[in-house]
Amino acid sequence: MNTATANRNPANLHDVAIIGGGLVGASLALALQPIGLNVALVEPQLAAAALAGGDWDSRIYAISPGNAAFLARLGVWSRMDPQRVQRVETMTISGDRRDSRLQFSAYDAGLPELAYIVESSAMQRAMLDIVAVAPGICMMCPAQATGLAVMDDAARVTLADGSLLDAKLVVGTDGRDSLVRREAGIDAKISDYRQSGVVANFATEKPHHGTAFQWFFEDGILALLPLPGNRVSMVWSTSEEQSQNLLSLDARALCDRVAEISGGAVGTLQLLTPAAAFPLRLAEIARLVSARLALAGDAAHNVHPLAGQGVNLGFRDVRVLAEVLAGRAPRQDCGDLALLRRYERARREDIAAIALSTDALQKLFGSRSVLLSGVRNFGLGALNHLPVLKNLLIQHAVA
């Protein structure tokens, strides 16, 4: 990133330029609309799955009730097919010993549900439908940001076609390898888990009863998340070698393997979507803001998926950033660094808590130490008999 001064036409100056039109970026554009800010949303390429219906999306998210309420306020939730949204009423977590088990219940916690399982493409389609007709949002797609400069009273984004985009504030929602973060010179400490998350969807022999299952083993973490009907979505976080072995299995062998490891929790399986894999890592970002710049979503944090908090963290970023910008003083520049630091301070604790807890669990259950094996299995069983602490964990997860 460089610092520059330049003349520009004020009519072409946006209040906010959001770089990255995925779930976090699109939701931020919608959240800023009621504030009356003029927003540019820059996205190089919308995924084909986001533009058309079809089979079940293998990329799914467990959306917290707090974020579901946020999406409802944006008008997104009502646009999704309720027949493709599944409520999670119970979560069962098992260690690598059969007697180590932890169960969370929405009923016991006095909640209607613990989470909603939603397809990524369904949320993306709903958001883009609203963005397309929303006044005050300029959707620029395909458009690729290639450079960034901070000027005296604005930031300037250079696009791949040579055009320039000026904004009082630039928000990087452009993913784990964020160009905005890199151009801003913000350090990121990357810890490679040397694992991949293998995902696939299955039809099941037995009903899941709205239960999300998770098993911790020495060689990985297997989660089966409920989908509508007798269907589940798998996320298997495991070593790179094991993930390649899973991807090499034919459909029948993969179904048999997952059914075996899950102890037949939902009976025999039938593959609905081909298995795919994505690399896992922890990214600790030094700062969330700098002059006229802010980061949100995967550009601001990468965490292990074992708690299903990745996109939930991103939506909570959006909620706080929109609140901070809405609460700015009259005539206060939305790129003011003192204002942006309020956003950073408000998000640090939540991000750090999720990153530290998921990293600690990954290391604890990834260890082959006999001593640690006893500790982790005892801990699961002990926590299951501490309802107050369990409910505190639930209250944080559903925010």
Relative contact order (%) - criterion: Cα under 8 Å, at least six apart; region: the range 212-275:
21 percent
Between the alpha-carbon centers of the range 291-361 and the range 217-254, tell me the distance in whole angstrom.
31 Å
Which FRET efficiency value, to the nearest 0.05, is calculated for ARG252 and VAL133 with the Förster distance at 41 angstrom and r the Cβ-Cβ distance?
0.35
Report the calculated FRET efficiency for GLN244 and GLN270 (r = Cβ-Cβ distance, R0 = 22 Å), to the nearest 0.05.
0.45
Per the 1/(1 + (r/R0)^6) rule, R0 = 56 Å and r from the Cβ atoms of ARG341 and ASP219, FRET efficiency to 0.05 is 0.85
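How much length would be gained if the chain were fully extended between MET151 and ALA360, taking 0.36 nm per residue of separation minus their Cα-Cα distance, in nm to one decimal? Can you show the working numbers first?
Working: separation 209, 0.36 × 209 = 75.24 nm, distance 4.14 nm.
Between MET151 and ALA360, full extension yields an extra 71.1 nm.
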Given the peptides 312-325, 339-352, arrange them by the average over their residues of other C-beta atoms within 10 Å, most packed first.
312-325, 339-352
Where in the range 124-155 does the amide nitrogen come within less than 14 Å of the point 7 Å from the Cα of SER163, taken along Cα to Cβ?
138-146
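Quick note: the coordinates plus some simple rules give every number you see, no bench work behind them. From a predicted model like this one, the values you see are computed outputs, not experimental measurements. Cβ: placed from backbone, ideal geometry, glycine included. Neighbour counts: every protein chain shown.
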